[in-house]
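Taking it in order: structure first as structure tokens, then the write-up.
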Amino acid sequence: MIWLAVLLPFLGFLVNGWLSFFRPDAKRAVSVIGVGVLVASFISALAGVVGLAGAVHDAPYIVHMWSWMPVGELQVDLAFQVDELSAVMLMVVTGVGALIHVFSVGYMREDRSYPRYFAYLNLFVFFMLVLILGANFPVLFIGWEGVGLCSYLLIGFWFDDEAKATAGKKAFIMNRIGDFGLLLAMFMIFRAVGSLDFLEVFDAAPAAFVTNGPEITLITLLLFLGCIGKSAQIPLYTWLPDAMAGPTPVSALIHAATMVTAGVYLIARTNILFAMAPVSGAVVALVGAVTALFAATIALKQWDIKKVLAYSTVSQLGFMFVAVGVGAYAAGIFHLVTHAFFKALLFLGAGSVIHVMHHAYHHTHSGEDAQDMRNMGGLRKFMPWTAAVMWVATLAIAGVPGLSGFFSKDQILAEAFARGQGAFLFYVIWALGAVAALLTAFYMTRLMLYTFHGPNRTGEAEAKQLHEAPWVMTGPLVVLAAGSALGGFLNLPHVLPGAGWLEHWLKPVTEGSVPYLSEAHLSAGLEWRLMGLATLIAAAGMIAAWYFLKPDRLGAAKAAPAEAGVQRVLLNNYYVDELYNTLIVRPTDWVSRKVLWRIIDMGAIDGAVVHGAAKVSRLLGWIGTRFQTGNLGTYVVLFVIGVLFVLSAVAG
Amino acid sequence: MGMVVNLATPAGLFWGMLPEIVLTGWALALMLVAGWRHGGEEDQRFAGQLALAALVSTLFALWWLWAKDARPDGIALMIALDGFRYASSTIFLLGAIMTVMLSLGYVRRERIHTPEYYLLILFATIGMMVMSAAADLIVLFLGLEIMSICVYVLTGINRRSVFGAEAALKYFLLGAFASGFLIYGIALIYGATGTTNLTLIAVSITNLGLQSNGMLMAGIGLLIIGFAFKVGAVPFHMWTPDVYEGAPTPITAFMAAAVKAAAFAALMRIMVHSLGESIGTWQNAVWWLAVVTMLGGNLMALAQRRLKRMLAYSSIAHAGYLLTAVVSGTETGAAAYLFYAFAYTLVTLGAFGVLAVVGRNGERDVRIDDLAGLAAKRPWLAFAMAVFMLSLLGFPGTAGFMAKWYVLMSAIEADQWKLGIILVLASVVSAGYYLPVVMEMYMNQPITEEAHQESVAVGAGRWVIGATAALLLLIGFFPGRLMDVSRSSSDDLKPSAAFTLNAPTGPDAGMASR
């Protein structure tokens, strides 16, 4: 069944791709196919997962498709691995993916390139499934590169806008830096173990590597470099906010729920390697915690509704890396799942808002920014459903007790705290995370207040055009809201009844790393106290936002005064983009233009080597053909020279 | 182990040579038919269809043996029954089938109304199959001569072409000269080891310690020269451009693909099976031949402006790549040969097929710039040609890449790093003449409005061009299956340990040590 789940989106891509060339107006067919393959894929994945849960098995199911590269020692099969971890990811990708496809039917309805959009989206799901199901590193890498390609295509979907095309390129290039690390790690693993199959590598790892040795540490750090690029962590996070140039459902699917979490998945998948390299684990956790806090501060002051969510995503991914870095793999995957629900919901909700705003402005031919929160306000009157479900998601991400985000975030912080007894660093990580959580509650409440509450700042004429989005868009939101609210029950804390279901489910995948991880256990009392603290943090953040922010006093975007001081620094992402431009992009550009291109390429390589070699080659060839006289006598003479030559070679 | 055939009995010999016997039967029948019906176009086409039926049924007979996994009872005395024979014979038969398919349209257009044309292709194919099946130097020589004489005649079969006649005569004279070296080499090897059986030669060399025997070494050297001529290795390549240019285009394809593959099959069997243990005596010579051939072929191709001549020199370069696989002297090298020969047969037939479509009057004068703008007028034909050029170049995603890569692997595995590096460098040079073809087709405008009006692939030729292009891409992306077949077909090419230790030496082996 699993192969069907993978194949269907690909078929969808082929058919929709064909339609985009030959029947660009067949929107109904495209919708049916684009959404249908995802739903069917979800159903077949579900059947596969139910089969997995029901069957007694002591090893993952490996589905061999065909032998791809049988070369000497290197045996790479195109094979899929179905185990507890890929089952969870499978459900998230196909489930959330199907909902977002449905939403897209409404959101993209009037786009000129409707079939192309669905073709890309189907292709993305295909590659994402290859990524999470691959049974070895090369297959994972195909998926990894494939989703990167689709991300590039979808960020630059409206490629006639140059800024958007540039954002696509930026994402692509930043990801290449990370992929370089992933590739190097693969080479090193192959050299050490002689295989790239997950099962073989993980079985052989305890014998092949020295725990905490330099080799395993380097391998895991290189793997993490790949994760940094794909999952937008410091210092390679700047592409993700720019990636918001793509259609909003794409941001929801690729840049919130699925692709950007691939890094977390990779670390959870290779958990035994990271467990054997505690230094790398600490680096992962620290980078995650710093990113979580850093991105949260930037989110405080963004006006673009999607930018807030983008920085929020970077921050939440930081939380997940804290979890997998400290060795709490189940907690990381847990947050990945809950985040997929509430962040997809937030993005889709924001998409509804932007959709409606855009329509209103389009109707009045106003050039105002449909994504700027200063132009919104009071939208709950016009869009009650959207406002309600987005509040659910906001409460979930802020960490209000009982909702999914509360449990998953609390678990990460508790796991980090528990390891503080072993090393003080983990207390620092916990503290960074706690502050980030406080800021999360603040900026999310800010987003809601400015968007849905207070007076309407859209403008008189536009306000008449505001209305609730169609049901194809609100329907998926309601389903996701249910997920955001109830997702926490997947993995309740230890002190509650029915606790740790997901942790138990993932045990077959993570148990290999258990011997290498330090014992971390919290007393029930401490756990209760941490939960209480988390509740306080959430409440404090939200109340502070409510108290300090005055949506009534906010003016529309064009009337807003320029920001000053710290606020401007935050609004401009700490000027990191400018910093990268000055320190890396411009010098590289200069060197490649002036030195590499002018002097080395044009002068030395083209002039001396290429043209020179071409001339010499042609000359030699011409000399060779001069012997081709057509005269038999010449041929025989050469033949005899050859005979002498061969005989002397044999004798010598 | 599958069916065991006792080659000492007539029945065993019959089953062991079933494909050759089937093809011979068909060829004799075709000869009778040609005797009664040799009038014109209609008869010529009938002969072609008959030849096609003959080759296809032979292929099935061969595959029947392969499926039965027929193996000899004891050592192979005259005829080898192993995967290497089945696989390489399959390549020759496929090459011959595609040649006949290309010829159907070609002979009508060029008004070659001689049914012997097809008859000679059949007999040449029998010769090739005997060569790859030979387990004895004498049998091998018989096969070689059956093939060669047919090909000499085929070269000059278009009697209206002066170039064809000249090329045939040159080919025959030089070929006879080379055969002399080959048979002399066989004689010396017999003198040294006391046997002409390929397995027993290996046994004698080991048991009698002949690794540095002068007579043996001279014999091996002459043998290499004979084969170097047949595969067109530099500096024994001088006949190739003239002959390839003068012969009818489908026949050129047949020579470049199947004839060359057959010579390599025999050479590979001798070098790996009989002389694999005494690799030190011959590796150096073949190493140099490979280097000179790769570099020479590619450099000289660079200087060509005429497409057919360029492909002739390119085929010399490819012989150099295949010699690299021979140098390794291992079963991996043999597997690489099988993969390479298959891919090369496809690409050669396809490329010459396109040439036959775009050219007229023997295609002697089709220049590379004549293809300008083909992509705009005949997109599919240009696409196929681009696939062929890229595959010849060894561009990733085509079968040519995997083939070259496999050869490279075999060289690296045998610690031939330098040779591998030279191979890669030579391939870089080859981009200098393959890519201009693609550029002409895609980036230049047609010279005149009427250009390429008549360049339409029709009938069976179209199938050959389409199928080869599709297969090349398919293999380029999914090489696994073909690699498995190549490897399993050549993994018992070396004589098994039981024979080398216990088998009797030749009756008068003692004489040789004196």
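As a calculated quantity, the FRET efficiency between A:PHE548 and B:MET443 at R0 = 56 Å, using C-beta atoms, amounts to about 0.30. With contacts taken as Cα pairs under 8 Å at a separation of at least 6 residues, the stretch A:315-409 carries a relative contact order of 29 percent.
Separation of the alpha carbons by more than 31 angstrom is noted, of A:LYS301/A:LYS594; A:LYS164/B:LYS404; B:LYS260/B:LYS494; B:LYS404/B:LYS494; A:LYS164/B:LYS377; A:LYS169/A:LYS301, for A:LYS301/A:LYS594; A:LYS164/B:LYS404; A:LYS164/B:LYS377.
Rounded to the nearest 20, the Cβ-based charge dipole of chain A about its Cα centre (Lys and Arg +1, Asp and Glu -1) stands at 1480 debye.
For chain A, the longest principal axis of the Cα atoms and the long axis of helix A:305-326 meet at an angle of about 70 degrees. Backbone phi angles across the stretch B:375-384, fed through the Karplus curve with coefficients 6.51, -1.76 and 1.60 (θ = phi - 60°), yield HN-Hα couplings of 4, 6, 8, 10, x, 5, 4, 5, 4, 4 Hz in residue order; Gly and Pro are listed as x. Across the stretch B:243-248, computed HN-Hα scalar couplings (Karplus, 6.51 cos²θ - 1.76 cosθ + 1.60, θ = phi - 60°) run 5, 4, 6, x, 6, x Hz from first to last residue, x flagging Gly and Pro. What relative contact order, as a whole-number percentage, does the stretch B:14-512 give when Cα pairs under 8 Å and 6 or more residues apart are counted? Taking the mean separation of contacting Cα pairs over the length of the stretch B:14-512, I get 17 percent.
Rounded to the nearest 10 degrees, what's the angle between the helix A:329-363 long axis and the longest principal axis of chain A, both from Cα atoms, 0 to 90? With both axes taken from Cα atoms, the answer is about 80 degrees.
Taking amide H atoms as placed 1.01 Å from N in the peptide plane, the amide H of A:VAL76 lies under 5 Å from those of A:TRP68, A:MET69, A:VAL71, each 5 or more residues away in sequence or on another chain.
Positive end of the dipole of chain A (Cβ unit charges, origin at the Cα centre): among A:ILE397, A:ALA55, A:LEU273, the Cα lying farthest that way belongs to A:ILE397. Look at the alpha carbon pairs under 8 Å that are at least 6 residues apart: their mean separation over the length of chain A gives a relative contact order of 12 percent. A cut-off under 9 angstrom between Cβ atoms defines the neighbours of A:MET244, and their net charge, with Lys, Arg +1 and Asp, Glu -1, is 0.
Place a point 7 Å from the Cα of A:SER366 along the Cα-to-Cβ direction; which residues of the stretch A:449-487 have their backbone N under 11 Å from it? Output list for this probe position: A:456-466.
Put a plus charge on the Cβ of each Lys and Arg, a minus charge on the Cβ of each Asp and Glu, and nothing anywhere else: the dipole of the protein assembly as shown about its Cα centre is then about 2000 debye. 3J(HN,Hα) couplings calculated from phi for the stretch B:185-199 with the Karplus curve 6.51 cos²θ - 1.76 cosθ + 1.60 (θ = phi - 60°) are, in sequence order, x, 4, 4, 5, 5, 4, x, 7, 9, x, 8, 10, 6, 5, 5 Hz; Gly and Pro show x. Per-residue ellipticity at 222 nm computed for chain B from its helices equals -24500 deg cm²/dmol, with DSSP H segments shorter than 4 residues left out and the rest contributing -39,500 (n - 2.57). Within 10 Å of the Cβ of each residue in B:476-483, the mean number of Cβ atoms contributed by other protein chains is 3. Proximity of backbone amide H atoms, modeled 1.01 Å from N, is registered between A:GLY134 and A:GLN81 at under 5 Å, excluding neighbours fewer than 5 places apart on the same chain.
Which one of A:GLY229, A:ALA540, A:SER113 is farthest out on the positive end of the charge dipole of chain A, using unit charges on Cβ (Lys, Arg +1; Asp, Glu -1) and the Cα centre as origin? Sorting the options by dipole projection puts first A:SER113. Rounded to the nearest 20, the size of the Cβ-charge dipole of chain B about its Cα centre is 540 debye, with Lys and Arg at +1 and Asp and Glu at -1.
Rounded to the nearest 10 degrees, the angle from helix B:116-133 to the longest Cα principal axis of chain B is 30 degrees. Other protein chain C-beta atoms within 10 Å of residue C-beta, averaged over A:623-635: 5. The orientation-averaged projected area of the convex hull spanned by the Cα atoms of the protein assembly as shown comes to 51.6 nm². Ordering B:VAL100, B:SER455, B:MET78 by Cα displacement along the dipole of the stretch B:14-512 toward the positive end leaves B:SER455 in first place; charges were set at the Cβ atoms of Lys, Arg (+1) and Asp, Glu (-1).
Averaged over the residues of peptide B:220-231, the number of Cβ atoms from other protein chains lying within 10 Å of each residue's Cβ is 3.
None of the figures in this text is laboratory data; all of them are computed from the coordinates on show. Given the structure is predicted, the values throughout are model-derived calculations rather than measurements. Note that each Cβ is placed from the backbone with ideal geometry, even for glycine, and that neighbours are counted across all protein chains shown.
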